[in-house]
Amino acid sequence: MSSGIDADIALDAAVVLSLGMTRLLGHGAGLAGRGAEALAELAAGRAEARAAALAEVRTHERALREAVERDARIAALAGTRAKLGAEVPLPDRLDPAGRSAAELTAWCAATDPVLDEAERRLSEHLAAQVGTQIFGVPAEGLAAGVADGAPPPRAGDVREHLERIVARLLPDAEEAERRDVAEAARLLAGAATPADAEAVLHEVRLRIQEANRRTRERRDEERRRAAERDAAEQAEAERRYVLDSITTAFEDMGYEVQAGFETLTAEDGTVTLTKGAWPDHSVRMRVDDAAHVRASMVRERPAESEDDRRVDVEREREWCEAFEAARDRLAGEGIRSEVAWRLEPGVRELPVSAEARQTRGRAGQRERSRERHK
């Protein structure tokens, strides 16, 4: 942006972690208590105290994420249980708000074996369903005479073997995959010898392996999408924090923020800063992904005299000083900035705002239209 400033933004770790915590807790953007303490220690220059507070925030954030992962697993297993119509107990989901890191970690440790047992029992329930589908009807093949003189396989042994194999099928396998396994298992009805039965069971094993592979791929894909959503939500929370902090900083210095940051997305990331003493000037500011701040002073009408240009330089100098003061203030809130590019006051004539140019252009068109009709 011409006649302005381009600065790179870096958020302090305490801000990033605290925003992640409050977002996971569903409280929106803002700082959790220990994150605020870490920033206070940063501002006070107490390195050891800050390091201790930051380590606590990091531990709590990690425990919170693990608890949220277990909560999601409980929800997924509850959905599988409903699909299978199984009566398998599941732990209650946890509201992590107000829980310490130690409490969250202890709950995760106690919940993991319960979830593993629930998944095992759901797989066994699924295996029993398949067994019932296969052996709940007369198995003529298993009871038929032997064509090659070998004794027929015993139905009870085959069913027990089948259910042990099918119990390896992940309970959240899709319905089509469960049908595929069941179709292979139904071939046991035509098995006249133990060798035939073993061949069918081998096919069942292969189909279960394939179904489990696809299920794990879906799980991985779901985790990948969840991680992408999490990253996008975190980026938005960080951007919002930067915007809110910048808004407050400049408002406290007497600026007005037009087209508030609440409508930032609709305004393509650009806002306007004005002051009552600036009838002809404003600053257009843009924050990109909480990583860059770009600001440019513009005129609301074209400069018409040397006095106008002198005022331009004064306003630019005033704005640059205000920006430096805001940088110092924001640093205390965990928002560090490094100016990558700056155009000094008076180097270039201030551009005229797009709105002013459009208004002037429309006025000129109306004037030319009147001239043509005289």
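The values are calculated or read from the model by the stated rules, or taken from the named source; none is laboratory data. If you're wondering where the values come from, they're calculated on a predicted model, not measured in any experiment. Cβ coordinates were reconstructed from backbone atoms using ideal geometry, including for glycine residues, and neighbour counts include every protein chain displayed. Heavy atoms of the whole protein, side chains included, go into the accessibility calculation; ligands, DNA and RNA do not. Shrake-Rupley method; radii C 1.70, N 1.55, O 1.52, S 1.80 Å.
Observations on the structure shown:
- Residues of the stretch 334-343 satisfying the condition of being open to solvent by less than 60 Å² (accessible area, probe 1.4 Å), touching a Gly at 6+ places or on another chain (Cβ under 9 Å) and closer than 14 Å to residue 4 by Cα: 343
- Qualifying residue in the stretch 104-121 (condition: hydroxyl-bearing (Ser, Thr, Tyr) and within 30 Å of residue 17 (Cβ to Cβ)): yes
- Residue 331 vs. criteria under 30 Å from residue 232 (Cα atoms), of a type in the set (A, V, I, L, M, F, W, C), within 35 Å of the chain's Cα centre (by Cα) and crowded, with 18+ Cβ neighbours inside 10 Å: no
- Any hit, the stretch 191-198, residues being surrounded by fewer than 16 Cβ atoms within 10 Å (Cβ to Cβ), assigned to a helix (DSSP H, G or I) and without any contact (Cβ under 8 Å) to a residue 40 or more places away in the chain: yes
For (1) under 26 Å from residue 325 (Cα atoms); (2) without any contact (Cβ under 8 Å) to a residue 24 or more places away in the chain; (3) acidic (Asp, Glu); (4) out of contact with any helix residue (DSSP H, G or I) (no Cβ under 6 Å at 6 or more places or on another chain), each residue gets a yes or a no:
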position	(1), (2), (3), (4)
185	no, no, no, no
189	no, no, no, no
212	no, no, no, yes
215	no, no, no, yes
224	no, yes, no, yes
230	no, yes, yes, yes
239	yes, no, no, yes
272	yes, yes, no, yes
275	yes, yes, no, yes
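- Single residue of 178, 240, 218 found to be more than 30 Å from residue 293 (Cα to Cα), open to solvent by less than 60 Å² (accessible area, probe 1.4 Å) and of a type in the set (Lys, Arg): 178
- Residue among 65, 93 that is open to solvent by 30 Å² or more (accessible area, probe 1.4 Å), basic (Lys, Arg) and not in a helix (DSSP H, G or I): 93
- Residue 262 open to solvent by 60 Å² or more (accessible area, probe 1.4 Å) and modelled with pLDDT of 85 or more: no
- Any hit, the stretch 6-24, residues being part of a helix (DSSP H, G or I), modelled with pLDDT of 70 or more, closer than 30 Å to residue 318 by Cβ and of a type in the set (A, V, I, L, M): yes
- Residues of the stretch 73-90 satisfying the condition of being of a type in the set (Gly, Ala, Ser) and loosely packed, with under 13 Cβ neighbours inside 10 Å: 75, 79, 82, 85
- All of (1) farther than 21 Å from residue 244 by Cβ; (2) free of Cβ contacts under 8 Å to residues at least 24 places away in the same chain; (3) not in a loop (DSSP other than H, G, I, E, B) hold for residue 328 with one exception: (1).
- Residue in the stretch 135-158 that is charged (D, E, K, R), modelled with pLDDT of 85 or more and surrounded by 12 or more Cβ atoms within 10 Å (Cβ to Cβ) present: no
- Which listed residue, of 315, 310, is modelled with pLDDT of 90 or more and either part of a loop (DSSP other than H, G, I, E, B) or open to solvent by 60 Å² or more (accessible area, probe 1.4 Å) (or both): 310
- The stretch 96-114: number of residues that are open to solvent by 70 Å² or more (accessible area, probe 1.4 Å) and in contact (Cβ under 8 Å) with a residue 60 or more places away in the chain: 0
- The stretch 68-90, subset not charged (D, E, K, R) and not in a helix (DSSP H, G or I), residue farthest from residue 127 (Cα to Cα): 90
- Condition met for residue 364 (under 25 Å from residue 236 (Cα atoms) and modelled with pLDDT under 90): no
- Test: residue 280 is modelled with pLDDT of 85 or more and either open to solvent by 30 Å² or more (accessible area, probe 1.4 Å) or not hydrophobic (A, V, I, L, M, F, W, C) (or both): yes
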